[in-house]
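Take a look at the structure set out below.
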Amino acid sequence: MSTTIERGPAGSADAATTRAMTVPDGQPPRARRASSASRIGRAPRGIVVLKWAVIAIAIGFTLLPILYLVTMSFKSPDDILSTRILPSRIAWENWASAFEQAPVLVYLRNSLIAAAIAAVVALAVAIPANFAMARLRTGGSRSMALIVSAYVAPPIVAVIPLFMLVRTAGLMDNVIGLGLIEGLMVTPVAVWLLDGFFRGIPEEIDEAAQIDGCGPVRTLVRIVLPLVAPGVVAVAIIAFILVYNDFLIPLMLTQSTASQTLPVGIALMQGGREVMFGQMAAASLTGMIPVYLLALFLQRWLVGGLTQGSIK
Amino acid sequence: MATVAPETAALRKPRGRRIGWAFLAPAFLAIAIVAIYPLIYTVVVSFSESSLGRPFAEWVGFDNFAKVLSDGVTVPSLGRSLVFAIPSALLALVIGFVIALSLDVAVRSGKVVRVVFLLPLMTPPVMAGVIWKLMFAPTGGLFNNVLQLVSPGADPILFLGSSPAAMVSIVVVDVWQWVPFCVLLLFAALQTLPGEVFEAAQVDGAGVWRTFRHVTFPLVLPTLVTVLMLKLIVSFKVFDLVFIMTGGGPGLDTTVSSFNIYRTALQQFDVGAAAAQTIVFLVLVTIVIVPLSSYRTRLQKAGE
């Protein structure tokens, strides 16, 4: 997506003079030739109305469940059983009990630590690999295919063997062990998404570095890495979110509150007999806030990372 | 892949090669740990009588395969994986495409719209399952509350407790989560289409529908296929939503393959049988994804 800035006389009837200029917004350069802006003026009115209707419905469908969850988290049990839409009074006790009766903050901490470790591990493994494949031309497309195909198989395939491995390695029920394994699991995604960024650098740049006597390591660290920094940021966020949101692997590799992540904790909460809707809603929202904040503040990188890497 | 001028490739060869493989080594190690080792382990274990506590207790040949193929649960669970994956992928793709095509009118409010559309994608699937489970609840859930307002005294709809409503409900939740992903990728692709083609179409007097049919659609077809393939891959992985929303029920109505394998390994403790189920499932995923993948490669070659 790009931001449009109107140039020329505002509100001019002449579409040709109101040349819309698109400004790249954390976008790959090839997205720059956006043509949509120039198309708007000429689209029939009915189509424009239709498009707005689609967007309005989509936004409604998108937001309804999230807003519903927010209202649920403030509803007393009576309100939940009644058919009213908004709570009759703000039931803060849902939030209090979510934090008191369930170790939500411990779960949250575990989730954040595991996700952060995983993002670092995935990048540390992926960056040199991407550099080798895209810039040093080692391994070719077959290495890429091998690495990426690891992501195609459903994770259930790896769960039992990894369970055995982690148990043997003594990393069971350990946040750091979980972060490590998750990091290796998201490495294929990281490699795949970073590829576009690494290949986007002009050929001449590393040639110049080579002529200046830079070895591969220095070329990577000093020259290539700064150029792919937006991609690295994007992929770090994506890897973080993938791991933060994951359920199956932490479900298998953690057993106690000390290492369970928030999705696991919430899944266990709702397994109990006494399901407290309001409390569940509060705990779930707590887990959603960190990723929503990432979406809010880092969306440019996120969108850039997702679109640059995967549309090829 | 980008082409390399032969002389630069030659220039790079002597030193680049070895260090290149050294740079790749950690990634290969990662693949060995999370993909190759699990695959080999699974194949080997599938020929044995195994539990989590006592793996490889006894070699049983193809017994596990014979058992799972005739247990009346595994084969239907494969079918359910398809019944879930194909509609959920197609729906997310089509709805995402319609939204992506509409989004150009909203470029000016792009940032707000973009953040809103990111939210479902960012929501942890477990939480998405919780949200929708609350909405689908027979008492106090949003949809049944609305039903009560419309026709007071009506029997509540058991969205997650009846068939086929349960599977449909999980597909709805999955679509809610993944439409944004399709919108994001398809909108980015639409943005890269050359404007001249549309101008030419307009000069030729092509209407909205004909422009879409003959210009836009063929140009984004490779991206559509890519996104469909990615979404199918993701759909086959579904586990969290089933675990949270239905636990595989009612009966076995939402027990897709991943969930069935999980049950076999962790509730029936039969790791050998679970491994055999896993291999059968992998074969299914391969049969679906590989033709799509090669079609995609052909489209991309044709486009270049």
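The values are calculated or read from the model by the stated rules, or taken from the named source; none is laboratory data. Keep in mind that this is a model prediction, so the values were computed, not measured. Quick reminder, even Gly has a Cβ in these numbers, built from the backbone with ideal geometry, and neighbours come from all protein chains shown. Only protein heavy atoms, including side chains, enter the accessible area calculation; ligands, DNA and RNA are left aside. Shrake-Rupley method; radii C 1.70, N 1.55, O 1.52, S 1.80 Å.
Do we find that A:Thr168 is over 22 Å from the mean Cα position of the chain (by Cα) and β-branched (Val, Ile, Thr) in this structure?
So A:Thr168 fits the description; yes.
Residue under question is A:Leu242, and the condition is that it be at pLDDT below 90 and out of contact with any Phe, Trp or Tyr (no Cβ under 7 Å at 6 or more places or on another chain); does it hold?
no
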- Message: Considering only residues that are among the hydrophobic types (A, V, I, L, M, F, W, C), more than 8 Å from every other protein chain (Cβ to nearest Cβ) and either over 16 Å from the mean Cα position of the chain (by Cα) or not in a helix (DSSP H, G or I) (or both), which ones fall in segment B:89-122?
- Response: B:Phe97, B:Ala100, B:Val112
- Would you check which residues across segment B:37-62 are surrounded by 14 or more Cβ atoms within 10 Å (Cβ to Cβ) and closer than 26 Å to A:Ser143 by Cβ and list them? B:Tyr37, B:Pro38, B:Leu39, B:Tyr41, B:Thr42, B:Val43, B:Val44
- Item | Condition check for B:Thr123: over 30 Å from A:Met144 (Cα atoms) and either open to solvent by less than 30 Å² (accessible area, probe 1.4 Å) or at pLDDT below 90 (or both) | no
- Message: Of everything in segment B:63-88, what is over 17 Å from B:Thr264 (Cβ atoms) and either free of Cβ contacts under 8 Å to residues at least 60 places away in the same chain or within 14 Å of chain A (Cβ to nearest Cβ) (or both)? Give them in sequence order.
- Response: B:Leu82, B:Phe84, B:Ala85
- Query: Which ones in segment B:181-198 are open to solvent by 10 Å² or more (accessible area, probe 1.4 Å) and in contact (Cβ under 8 Å) with a residue 40 or more places away in the chain?
  - Reply: B:Phe181, B:Leu184, B:Leu190
- Query: Across segment A:145-170, what is the total count of residues that are of a type outside the set (Lys, Arg) and open to solvent by 30 Å² or more (accessible area, probe 1.4 Å)?
  - Reply: 12
- Message: As an exercise: evaluate B:Ile157 against (1) open to solvent by 50 Å² or more (accessible area, probe 1.4 Å); (2) in a helix (DSSP H, G or I); (3) free of Cβ contacts under 8 Å to residues at least 40 places away in the same chain and give the number of the one condition it does not meet.
- Response: (2)
- Message: Quick check on my filter: what residues within segment B:254-279 are surrounded by fewer than 21 Cβ atoms within 10 Å (Cβ to Cβ) and over 19 Å from the mean Cα position of the chain (by Cα)?
- Response: B:Arg263, B:Leu266, B:Gln267, B:Gln268, B:Phe269
- Task: Answer yes or no: is there a residue in segment B:223-238 that is under 30 Å from B:Arg80 (Cβ atoms) and touching a Cys at 6+ places or on another chain (Cβ under 7 Å).
- Result: yes
